Amino acid sequence: MMSGKALFFRAKTRAEMSQSRRAGKRSAMQTAHDRFKLVRIFFVLGIAALLVFLTGLIITLGPLEISVADAYSALLARFLPDHFQSEALTSRVVWNIRFPRILGGMMAGFGLGICGCVMQAVLKNPLASPFTLGITAGAQFGISMAAVIGFSVLGGPYFIIGNAFLCALLCSFFIIGLAAIKGATSENLVLAGIAVNYFFSAISQLLKYFASDEQLRLMTNWGMGDLAAFSWANSQLLLAVFVICVPLLMSKCWDLNIMTAGDDTAKSIGVNAENTRLFIMATSSLLVAVIVCFMGIIAFVGLVAPHMARMVIGGDHRFLIPASGVLGALVLMSADAVGMNLMAPTIIPTGIMTSIVGVPFFMYLMMKGKRKEFWT
Amino acid sequence: MMIKLQAKEIVFGYDSNPVLDSVSFEIAPSKLVTIVGPNGSGKSTLIKCINKIVSPQGGSILIDRREVAKMTRMEVARYLSYVPQSSVRIFPTNVFDTILMGRRPHIGWLGSERDEEKVWDVLQLLNIERLAMNNFSELSGGQQQKVLIARALVQEAEVMLLDEPTSNLDIWHQLDVMNIIRDVVKKKEITAIMALHDLNLASYYSDRIIMMKRGKIVAVGDPHSVITEENIASVYRVQAAVRKLSDRPMIMPLRQIRGSKA
Ligand SMILES: Nc1ncnc2c1ncn2[C@@H]1O[C@H](COP(=O)(O)OP(=O)(O)OP(=O)(O)O)[C@@H](O)[C@H]1O
Ligand SMILES: [Mg+2]
């Protein structure tokens with residue numbers, strides 16, 4: 001019945017392929033597919049460009065008057081002093097005060113976005129996120145413990161942050177351990193995460209009874225997400241973990257695509273489902289731990305940025321991971337800018353503003369419906 | 001390439017419930033083999049043992065005289081492709097990307113144009129190119145089944161394992177899929193092993209049939225020797241009429257055999 005088609009197993013040679021292309025033989029479907037690929041690339045690049053543009057714009061907001069042009073040249077002067085000049089005061093305000101906070105927000109949003117994305121993929125659960133799995137609650141517990149009881153595993157400058165970091169990791173190991181147990185379904189994992197969340201939140205609440213005003217303020221600030229804690233002085237650790245974890249997560253994009261089809265299918269295509277799950281959970285937990293220990297609880301971004309990205313560009317992780325990252329960065333960064341300036345000099349905490357700005361945006365995307373309607 | 005598949009005394013059970021009890025067989029290259037048997041007799045489990053989705057507690061599977069248990073998953077995936085009985089999706093994936101997954105054992109980090117061309121070729125072969133950009137979970141059961149078969153085809157493995165590949169298809173598409181599989185087996189000299197419920201399809205297309213009952217093989221051979229009234233009575237507890245049609249045994253089930261559990 002199919003003598004004409006039966007040759008499909010032989011790979012077409014380059015010559016044949018380009019020949020058929022020259023003859024314009026690409027079908028309408030193939031053209032649509034090519035276009036969709038471009039759309040996804042431009043979506044990611046477009047948001048990345050928007051981030052750069054917003055950086056300049058947000059730097060201008062604040063008590064000291066700085067123009068957009070001054071903002072960019074102050075930044076560029078740091079890297080290309082021969083080509084760009086900047087006034088000393090402007091330079092100092094931009095580089096030491098305004099830019100670190102923006103960069104911190106961008107990195108936190110980016111990191112939380114991609115962590116949520118990969119966690120959802122390996123657990124095959126749309127509710128998975130650093131927050132729902134209890135990792136942020138663990139960090140909060142670590143903060144409370146250090147602040148109120150004065151107990152911390154590490155000393156010195158890492159007295160509080162180090163504790164948050166270790167407790168967050170502890171929580172994620174608990175979840176990873178559960179994931180490693182045979183027969184633990186992904187629903188069970190998220191349920192366990194939510195239980196852990198309640199448990200540690202309860203203990204943190206309890207500790208508040210014994211806290212002094214000063215301690216209480218620290219805990220509350222941190223619990224609402226606070227980008228102010230990020231500065232050049234403590235940025236190295238965050239940067240280092242980023243540089244290691246993000247490429248590692250990106251390198252698994254094919255396996256993540258395949259993991260969403262279920263463990264049996266993944267195994268049959270050559271992906272070791274259990275190992276991939278452990279690797280992804282460990283790597284993303286490390287990233288989340290270092291983000292929350294500096295910036296506190298920002299719950300919304302990790303859960304929802306991947307869904308926003310999926311609604312717009314579909315489920316291919318080659319594009320979905322970076323798209324979740326840049327969307328997370330966009331939401332967090334713009335929310336924080338609003339929070340900083342809406343009622344200045346009073347600063348609305350980042351975590352609160354992110355939810356207030358992000359939820360309507362998310363709802364809008366959800367109402368707008370399926371991916372297809374965005375592009376056709 | 002011609003490779004031989006051997007199963008030697010495979011024993012497997014979920015937890016402690018025995019499912020496969022010392023299953024042995026040998027499959028010559030370039031053959032279409034079907035596994036038949038009642039519900040729960042262990043067909044799907046046997047298929048999953050062959051490509052190491054589950055690890056047998058005893059016995060071994062050999063491909064090309066190499067033990068599957070000692071290969072990496074990626075190596076196994078180059079020898080064996082798999083079409084699951086069903087597949088659920090939680091997140092949206094389009095048909096093209098679903099099929100492209102099958103290229104994973106051959107693909108670099110970014111994937112190449114060549115891999116994509118192969119997907120288009122298979123989409124054309126199965127006549128589902130127009131579905132390429134549709135969401136997998138929004139397809140009909142039969143369309144989904146064709147997509148899963150397409151994914152196994154682009155994997156270009158030498159043995160295809162299929163778990164009831166025609167269960168959701170209408171009769172036209174059943175023949176379509178079976179013809180495609182038979183053609184691939186002939187042209188590429190690969191082996192297809194599939195679990196089937198339709199004994200007539202099995203009889204019509206198979207070179208060999210393996211008949212199972214409660215985790216044991218009760219009959220192996222060409223359709224004439226396996227599809228007999230006696231075997232169907234003892235394995236399925238169904239009285240059937242078996243007649244020859246275009247040189248293959250065709251069966252017509254008549255009635256259930258009640259009483260003594262055969
Ligand atoms: N994941 C599992 N955990 C525990 N027991 C299982 C599991 N999968 C299958 N079984 C049991 O193993 C036995 C064989 O199941 P299997 O799926 O191999 O049968 P099958 O021949 O493919 O049946 P069907 O024709 O209904 O597809 C059944 O008794 C079933 O209950
Ligand atoms: Mg089955």
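The values are calculated or read from the model by the stated rules, or taken from the named source; none is laboratory data. The model shown is predicted, which means the values in this text are computed figures rather than measured ones. Here the Cβ is made from the backbone with ideal geometry for all residues, glycine too, and neighbour counts use every protein chain on show.
Worth pointing out:
- Candidates A:D255, A:D263 - the one that is at the interface with chain B (Cβ under 9 Å from one of its Cβ atoms), out of contact with any Lys or Arg (no Cβ under 7 Å at 6 or more places or on another chain) and modelled with pLDDT under 90: A:D263
- Residues of region B:75-87 classified as surrounded by fewer than 21 Cβ atoms within 10 Å (Cβ to Cβ) and within 7 Å of chain A (Cβ to nearest Cβ), total: 1
- Residue check, B:W109 more than 21 Å from the chain's Cα centre (by Cα), more than 13 Å from B:I180 (Cβ to Cβ), within 8 Å of chain A (Cβ to nearest Cβ) and modelled with pLDDT of 90 or more: no
- Positions within region B:112-122 being in contact (Cβ under 8 Å) with a residue 24 or more places away in the chain and facing chain A (nearest Cβ under 9 Å), in sequence order: B:K118, B:V122
- The requirement of being more than 30 Å from A:A146 (Cα to Cα) and either within 10 Å of chain B (Cβ to nearest Cβ) or free of Cβ contacts under 8 Å to residues at least 40 places away in the same chain (or both) is fulfilled somewhere in region A:274-282, by at least one residue.
- Among residues of region B:176-207, those that are among the β-branched types (V, I, T) and within 16 Å of ligand 1 (Cβ to nearest atom), counted: 1
- Of the helices (runs of 4 or more DSSP H) lying entirely inside region A:20-129, the ones with 3 or more residues being among the aromatic types (F, W, Y) and out of contact with any Gly (no Cβ under 9 Å at 6 or more places or on another chain) are found at A:28-59.
- When each of B:L125, B:L100, B:L131 is tested for being surrounded by 20 or more Cβ atoms within 10 Å (Cβ to Cβ), facing another protein chain (nearest Cβ under 7 Å) and at negative phi, the lone residue that passes is B:L125.
- Given (1) more than 25 Å from B:T98 (Cα to Cα); (2) of a type outside the set (A, V, I, L, M); (3) more than 12 Å from the chain's Cα centre (by Cα), index of the condition A:F319 fails: (1)
- Taking region B:141-177 as the range and being away from chain A (no Cβ under 12 Å) and in a helix (DSSP H, G or I) as the test, the residues that pass are B:G141, B:G142, B:Q143, B:Q145, B:K146, B:I149, B:I171, B:H173, B:Q174.
- If you go through region A:190-248 and keep only what is within 22 Å of A:T346 (Cβ to Cβ) and free of Cβ contacts under 8 Å to residues at least 40 places away in the same chain, you end up with A:D213, A:E214, A:L216, A:R217, A:T220.
- Complete set of residues in region B:65-89 that are β-branched (V, I, T) and either within 16 Å of ligand 1 (Cβ to nearest atom) or in a helix (DSSP H, G or I) (or both): B:V68, B:V76, B:V83, B:V88
- For region B:30-58, the tally of residues that are farther than 17 Å from B:R214 by Cα and either free of Cβ contacts under 8 Å to residues at least 12 places away in the same chain or under 15 Å from the mean Cα position of the chain (by Cα) (or both) stands at 8.
- Among (1) surrounded by fewer than 16 Cβ atoms within 10 Å (Cβ to Cβ); (2) hydrophobic (A, V, I, L, M, F, W, C); (3) at pLDDT below 85; (4) within 19 Å of A:V326 (Cα to Cα), the one test that A:L239 misses: (3)
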